[in-house]
Amino acid sequence: MANRPTVARTVSSLRRALMPFRRGGERIALVPTMGALHRGHLALVEHAHRRARHVVVSIFVNPTQFAPHEDFGSYPRGFAADLKALAAAKADLVWAPSAAAMYPEGFATRIEPQGAAKAALEDKFRPHFFGGVATVVTKLFTQVAPDFAMFGEKDYQQLRMVTQMAKDLDLPLEVIGVPTVRESDGLALSSRNAYLSESERALAPTLYRVLKASAARIKKSEPIEMVLEQGRAEIGRAGFALDYLEARHALTLAPIASRKDGPIRLLIAAKIGKTRLIDNVGV
Ligand code: AMP
């Protein structure tokens, strides 16, 4: 069995654990997660190993990115299983602070990202979300001071927001996007897939199927808005409550009217029963 990674629970023990990594001037890659780890997270760890000698994985279910009506309380948690998976994936250090270590009494700072974070996609349905993510990610970056930070394309708007923020704030690290890991039927792996009933699980791959079919038609120069309208109707007929299906500029996430306007990303969010799923593909 692989060695268990060191677990740091306070900022001072994290600093101590990072010291030997720094001493040799070796590179560090950070993989921020909320735990309940699956093969998608482990792909980020694998990509981190390709970039850096030392891999730090943070596990923190960040309360400030959940609205009061959202699933913070019931979000899947399984630290023992996560640790076992990270031992097998050869992570060097797990940064798992308590909420009190991350947000001590009197904490009073919030980062409010603009640009991609205000693209009227996730932010329209979760207005508190990117401020919470940007604040915690900035803290993780200053705590760990990594050379690389790995983020999944699965959360595409988040990847664009973090990339922009690192640039705008001159953060001395490179944000790396990692392709989405999927089940064999196309469903993007997500900790929230655990919420799906058997019948919802059977329907869930519809999102990816519609994204792929729409991307193929847009590539063949069919009118974007017509393709999207038909995709939206299909999602509705399958029994989802659609939040959005949009074609956006792949870097800025600005609305896009034709293929000439730049590289295109299709992004979708929809609810099946009580579970909200998101996905995206490049055209
Ligand atoms: P989470 O724990 O859901 O906050 O995700 C932590 C990181 O893992 C984020 O950068 C996600 O984009 C990434 N991630 C989640 N699911 C997948 C997946 N299926 N494939 C690749 N990366 C993923």
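For segment 71-81, the criterion of being more than 14 Å from the ligand (Cβ to nearest atom) and either in contact with a Lys or Arg (Cβ under 7 Å, 6 or more places away or on another chain) or not aliphatic (A, V, I, L, M) (or both) is met by at least one residue. Taking the numbered list (1) farther than 28 Å from K260 by Cβ; (2) at pLDDT 95 or above; (3) of a type outside the set (K, R); (4) buried (at least 19 other Cβ atoms within 10 Å of the Cβ) in turn, S191 passes all entries but (2). For residues that are touching a Lys or Arg at 6+ places or on another chain (Cβ under 7 Å) and of a type in the set (A, V, I, L, M), scanning just segment 27-52, find the one that is farthest from the ligand (Cβ to nearest atom). Ranking the candidates gives A52 first.
When V45, V94, V57, V61 are checked against the criterion of being at pLDDT 95 or above, within 29 Å of L196 (Cα to Cα) and assigned to a helix (DSSP H, G or I), V45 stands alone in meeting it.
Just give me the residues in segment 1-42 being among the polar types (S, T, N, Q) and either open to solvent by 60 Å² or more (accessible area, probe 1.4 Å) or part of a loop (DSSP other than H, G, I, E, B) (or both), in sequence order. If you could, list the steps in order and put the result at the bottom.
Here is the first cut: in segment 1-42, the residues among the polar types (S, T, N, Q) are 3, 6, 10, 12-13, 33.
Once the filter is applied, which keeps residues that are among the polar types (S, T, N, Q) and either open to solvent by 60 Å² or more (accessible area, probe 1.4 Å) or part of a loop (DSSP other than H, G, I, E, B) (or both), segment 1-42 yields N3, T6, T10, S12.
Are any of the residues in segment 204-215 closer than 27 Å to Y75 by Cα, modelled with pLDDT under 95, part of a helix (DSSP H, G or I) and open to solvent by less than 50 Å² (accessible area, probe 1.4 Å)? Walk me through it before giving the result.
Kept after step one, since they are closer than 27 Å to Y75 by Cα, are these residues of segment 204-215: 204-209, 211.
Filter again for modelled with pLDDT under 95, leaving none.
No, segment 204-215 has no match at all.
A search for C-beta distances below 9 Å between a residue of segment 154-169 that is open to solvent by less than 30 Å² (accessible area, probe 1.4 Å) and any residue that is of a type in the set (S, T, N, Q), counting only pairs 6+ apart in sequence or on different chains, returns Y156/T180; Y156/N280; Q157/N280; M165/T138. Under the condition of being assigned to a loop (DSSP other than H, G, I, E, B) and closer than 30 Å to H69 by Cβ, the residues counted in segment 128-176 number 1.
Within segment 225-235, work out how many residues are open to solvent by less than 40 Å² (accessible area, probe 1.4 Å) and within 26 Å of the chain's Cα centre (by Cα).
As a first pass, look at segment 225-235 and keep what is open to solvent by less than 40 Å² (accessible area, probe 1.4 Å): 227-228, 231, 235.
So of that shortlist, the ones also within 26 Å of the chain's Cα centre (by Cα) come out as 228, 231, 235.
Summing the residues that are open to solvent by less than 40 Å² (accessible area, probe 1.4 Å) and within 26 Å of the chain's Cα centre (by Cα) in segment 225-235 gives 3.
The values are calculated or read from the model by the stated rules, or taken from the named source; none is laboratory data. What you are looking at is a predicted structure, and each value in this text was computed from that prediction instead of being measured. Note that each Cβ is placed from the backbone with ideal geometry, even for glycine, and that neighbours are counted across all protein chains shown. Each accessible area value is taken on the protein alone, full model and side chains, heavy atoms only, with ligands, DNA and RNA left out. Shrake-Rupley method; radii C 1.70, N 1.55, O 1.52, S 1.80 Å.
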